[in-house]
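Undergrad: One structure, as structure tokens, below. Some questions next.
What follows draws every value from the coordinates through simple rules; no lab data is involved. Not measured: the values here are computed from a predicted model. As a convention, Cβ positions derive from the backbone with ideal geometry for all residues, glycine included, and neighbour counts pool all protein chains shown.
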């Protein structure tokens, strides 16, 4: 394979004006949110001298993001998605403006902070879900892995750089300017999304593919239709089941402080290195991800990535030297990114457009709740065994789940994605001669076994 094939594939940015707008909006939004997160925690602690109140603010954000994701997915299938995203981003801008005004007030109110956080969580949940549902309609089907890699890379870079920049601005100017800057950047994302063409919902009449109708049945607009579709579609159902396992039994970052204190015998620098290692692996894979979209068997590669991540976590739990632990965490982060890129592409490709908002909301909600449940799960297992033992248990569960999915759901193992046809790009996936509509099921999964509920995980 030529060396250029390993470079990040930026073709979606070159060929789709609308995807460029969504991509830039996401980058600006992520940096603003990352900076605001640091300022929010610092301000709440300064006002109350209570870690509990910081946790309450975080809990409010998590719950409202979850609610916003579920409602946003339902709305994304019923109304114009551009208008929905614009309204959500405008709501987030109002929330950040409120946080800024409260921070500049002589006597900032904790309840005002909680209220603004709740508004921002709802708006963020809606916009993230709607943006995810929109993306496949902005690129060709064969560009989905590249689009997923670009989205993953911006998320990883944002998670590393945004908190650092937020901390610098917070130290220099305080929370008020940070929130004001975030409100400004959120307003910029709203203007960028306004540049998109109208994106009305797709109806049953617009998508008349027989296989989609078999998988979905009659769509009455209920959020439960997404679950019924997942149960009947082997690829999507297996991905949701396996994704649920991997997000709960993920790399046990909550154990890092205890492992540093009890096993590695080092201080804050090593702790920071442990937290950074998975992101380094993820960034390296995203930056060299051109080959992922060209793989002939994306389903098989996804399962290998899930297995590799589980084995890396087992190795981390067994490691006694810090350099081995850091290396394995980087491998785990890299494997997780390969998994996320292919999960994104396969779910989007195998989901009809008229259901995409609701299915994406399930994936988003899975990530939001899974991380919280995962922290509780690994903390309890660590009390029964040890922190290292809990890491081994988590890795073993992920590895076994990947193996079971490979054997129990051959449709996932054989799943494919559209290949590049060499035709010029289009703004709308599936329009013209560039490939089948994004709502069509993958070739490997078009047989009778589609009607059998998924059994992975």
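Undergrad: Could you work out, for the stretch 1-100, what percent of all Cα-Cα pairs fall into each 5 Å distance bin, beginning at 0 Å and stopping at the bin that holds the largest distance?
TA: Pair shares across the bins are 2, 9, 13, 18, 17, 13, 10, 8, 6, 3, 1, 0.
Undergrad: Under a point spin-label approximation (7 Å from Cα along Cα-to-Cβ), what is the residue 55-residue 376 distance to one decimal in nm?
TA: Between residue 55 and residue 376, the label points sit 1.2 nm apart.
Undergrad: For residue 48 and residue 396, calculate 0.36 nm times their separation in residues minus their Cα-Cα distance, and state this gained length in nm to one decimal.
TA: Computed gain between residue 48 and residue 396 is 121.2 nm.
Undergrad: Right, next: Sorted from largest down, give the three principal axis spans of the alpha carbons of the stretch 230-349, whole angstrom values.
TA: Sorted largest first, the three principal extents are 49, 30, 18 Å.
Undergrad: How many nm separate the modelled label positions at residue 104 and residue 78, each set 7 Å beyond the Cα in the direction of the Cβ?
TA: Rounded to a tenth, the inter-label distance reads 3.8 nm.
Undergrad: Sort 176-183, 129-136, 252-259 by packing, meaning the average of other beta carbons within 10 Å per residue, with the highest value first.
TA: 129-136, 176-183, 252-259
Undergrad: Also: Report, to one decimal in Å, the Kirkwood hydrodynamic radius for the stretch 342-386 based on all distinct Cα pairs.
TA: 12.4 Å
Undergrad: Still on this structure, I have one more. Treat each spin label as a single point 7 Å out from the Cα along the C-beta direction, and report the residue 407 to residue 296 distance in nm.
TA: My value for the distance between the label points is 2.6 nm.
Undergrad: Report the Cα centroid-to-centroid distance between the stretch 112-157 and the stretch 1-72 in angstrom, as an integer.
TA: Spelled out, the Cα-based centre of one part sits 8 Å from the other.
Undergrad: If you bin every alpha carbon distance in the stretch 64-203 into 5 Å steps from zero, what whole percent lands in each bin?
TA: 2, 10, 15, 19, 21, 15, 9, 5, 3, 1, 0
Undergrad: What is the fewest-to-most order of 375, 18, 9 by other Cβ atoms lying within 10 Å of their Cβ?
TA: Listing 375, 18, 9 from fewest to most nearby Cβ atoms yields 375, 18, 9.
Undergrad: What's the exposure ranking of 289, 69, going from fewest to most Cβ atoms within 10 Å?
TA: 289, 69
Undergrad: Listing 324, 60 from the residue with the fewest other Cβ atoms within 10 Å to the one with the most, what is the order?
TA: 324, 60
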